[in-house]
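Working notes, structure below.
The values are calculated or read from the model by the stated rules, or taken from the named source; none is laboratory data. As the structure is a prediction and not an experimental result, all values here were calculated from the model. Cβ atoms come from the backbone with ideal geometry, glycine included; neighbour counts cover every protein chain shown. Keep in mind that these areas ignore ligands, DNA and RNA; they rest on the heavy atoms of the full protein, side chains included. Shrake-Rupley method; radii C 1.70, N 1.55, O 1.52, S 1.80 Å.
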Amino acid sequence: MSRAFNFSAGPAALPEAVLQQARDELLEWRDERASVMEVSHRGKAFVECAEEAERDLRALLAVPESHRILFLQGGATQQFAQIPMNLAGQDDVVDYVLTGAWGQKAASEAKPYAQVRIAASAEVGNFTRIPARPEWSLTPGAAYVHYTPNETIHGVEFHQVPDVGNVPLVADFSSTILSRPLDVDRFGLIYAGAQKNIGPAGLVIVIVREDLLERAPRPMAKIFSYAAQAKEGSMLNTPPTFAWYLSGLVFKWIAQQGGLAAMAERNRAKAELLYASIDGSGGFYRNPVEGGARAWVKVPLTQQDAGLDKAFLVESEAAGLLALKGHRAVGGMRASIYNAMPIEGVRALVDFMADFARRKG
Ligand SMILES: *Cc1c(COP(=O)(O)O)cnc(C)c1O
């Protein structure tokens, strides 16, 4: 058996070169005579490694000096709560724009901490489009506006950052961070669970504008406080050291590939190839998302005859194409084609799809 093309939604495929490097230095890391997992997070070697990862991420995303980068735990889901805890008082209004299931969860988890308003929703039509900006009814003076740039389950992506005036824009970039260049300056806060496009599970990246750290709208335990975490360099307690280290290797790998502009070119090419194969299948395969809102790195697809789904999944796996089963909320199949998926993997998938359609059509 050998490594296959892995289309897993998350935890997702990692760059093979990164895994090889981690393997090569697994038993003895740097001069530590121990693995990176076995040394103190407060020791010189790990602190250097952690700071290097942060510097590399800052350079990749061109994060301005006005923003702090935090390496936290609890996943994107913990941020659903931590964001309103830190940025909104109990009586403050927070606006949510819903384009899929993750945004719905984020809004629901914010309810204990602030007055949640839904400023726009694409639920009617089952999350296959992005409500046009004039349809949004934003609250003047809201504590923030939250949206989900890429709805991972529904495959709906904003290809532009929405303009929300002076209200801080908060965004869940879990599936698309580092998939293309980003103007971080436009955001009050960006967060992303690592396990899709960054590194192993267990780490969540938060990039927050420094002035927002001062809001402190309620008393809370330090572990939940962005200000306290920023003050301690994200090491208020033991961080997920291996995930942090491996994410650092991924940042270096992305830089070696040419940075985010190169990633964007690749991701666009991969998406075009896959959507062309769906749209050119004469209706055998379908993707329901409106043209301008189709996600680059996350492509749900259904077959005209859903009775063929099982055969598709069994045969694709046998052909070395893993984890194409769709999310239970939308059914069918889905291909996660994050940064680590080479174009060869997408070519293998479209070849398989064409062959399968020929045989079963
Ligand atoms: C996967 C995902 C999440 C959930 O992330 P966890 O780290 O498991 O909490 C949240 N939001 C988006 C957009 C996702 O893709």
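Among the listed residues 77, 99, 128, which satisfies the condition of being of a type in the set (S, T, N, Q), open to solvent by 60 Å² or more (accessible area, probe 1.4 Å) and in the same structural domain as residue 214 (by TED's automatic domain parsing)?
Details: 99 fails: open to solvent by 60 Å² or more (accessible area, probe 1.4 Å); 128 fails: open to solvent by 60 Å² or more (accessible area, probe 1.4 Å).
Step by step, each of 77, 99, 128 is checked, and only 77 is of a type in the set (S, T, N, Q), open to solvent by 60 Å² or more (accessible area, probe 1.4 Å) and in the same structural domain as residue 214 (by TED's automatic domain parsing).
Listed here are the residues, each with its yes/no results for (1) in contact (Cβ under 8 Å) with a residue 60 or more places away in the chain; (2) away from the ligand (no atom under 16 Å from the Cβ); (3) open to solvent by 40 Å² or more (accessible area, probe 1.4 Å).
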site: 9; (1), (2), (3): yes, no, no
site: 12; (1), (2), (3): yes, no, no
site: 18; (1), (2), (3): yes, yes, no
site: 23; (1), (2), (3): no, yes, yes
site: 28; (1), (2), (3): no, yes, yes
site: 33; (1), (2), (3): no, yes, yes
site: 44; (1), (2), (3): no, yes, yes
site: 48; (1), (2), (3): no, yes, yes
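Within the range 148-189, track down each residue that is surrounded by fewer than 24 Cβ atoms within 10 Å (Cβ to Cβ) and of a type in the set (Val, Ile, Thr).
Of everything in the range 148-189, those that are surrounded by fewer than 24 Cβ atoms within 10 Å (Cβ to Cβ) and of a type in the set (Val, Ile, Thr) turn out to be 153, 161, 164, 167, 184.
Given the criteria within 15 Å of the ligand (Cβ to nearest atom), open to solvent by 40 Å² or more (accessible area, probe 1.4 Å) and not charged (D, E, K, R), does residue 82 qualify? Even if it seems obvious, please write down each step before you answer.
Values: within 15 Å of the ligand (Cβ to nearest atom): yes; open to solvent by 40 Å² or more (accessible area, probe 1.4 Å): no; not charged (D, E, K, R): yes.
When the stated conditions are applied, residue 82 does not pass them.
So, residue 75, is that one within 16 Å of the chain's Cα centre (by Cα) and not charged (D, E, K, R) or not? Break it down into steps so the answer makes sense when it comes.
Details: within 16 Å of the chain's Cα centre (by Cα): yes; not charged (D, E, K, R): yes.
In short, yes.
Which count do you get for residues in the range 185-205 that are of a type in the set (A, V, I, L, M, F, W, C) and in a strand (DSSP E or B)?
Here is the first cut: in the range 185-205, the residues of a type in the set (A, V, I, L, M, F, W, C) are 187, 189-190, 192, 194, 198, 201, 203-205.
Filter once more, keeping what is in a strand (DSSP E or B): 189-190, 192, 204-205.
Number satisfying all stated conditions: 5.
Could you tell me whether the range 106-115 includes any residue that is away from the ligand (no atom under 16 Å from the Cβ), modelled with pLDDT of 95 or more and among the aromatic types (Phe, Trp, Tyr)? Lay out the reasoning, then the answer.
Initially, the range 106-115 is screened for residues away from the ligand (no atom under 16 Å from the Cβ), giving 111-115.
If we keep only those that are modelled with pLDDT of 95 or more as well, we get 111-115.
Subsequent filtering for residues that are among the aromatic types (Phe, Trp, Tyr) retains 113.
Checked against the condition, which is being away from the ligand (no atom under 16 Å from the Cβ), modelled with pLDDT of 95 or more and among the aromatic types (Phe, Trp, Tyr), the range 106-115 yields at least one hit.
Which residues, counting only those in the range 310-336, are over 16 Å from residue 4 (Cα atoms) and assigned to a helix (DSSP H, G or I)? So that I can check it myself, show each step before the final result.
Step one: of the range 310-336, the residues over 16 Å from residue 4 (Cα atoms) are 310-312, 326-334.
310, 311, 312 - these are the residues of the range 310-336 that are over 16 Å from residue 4 (Cα atoms) and assigned to a helix (DSSP H, G or I).
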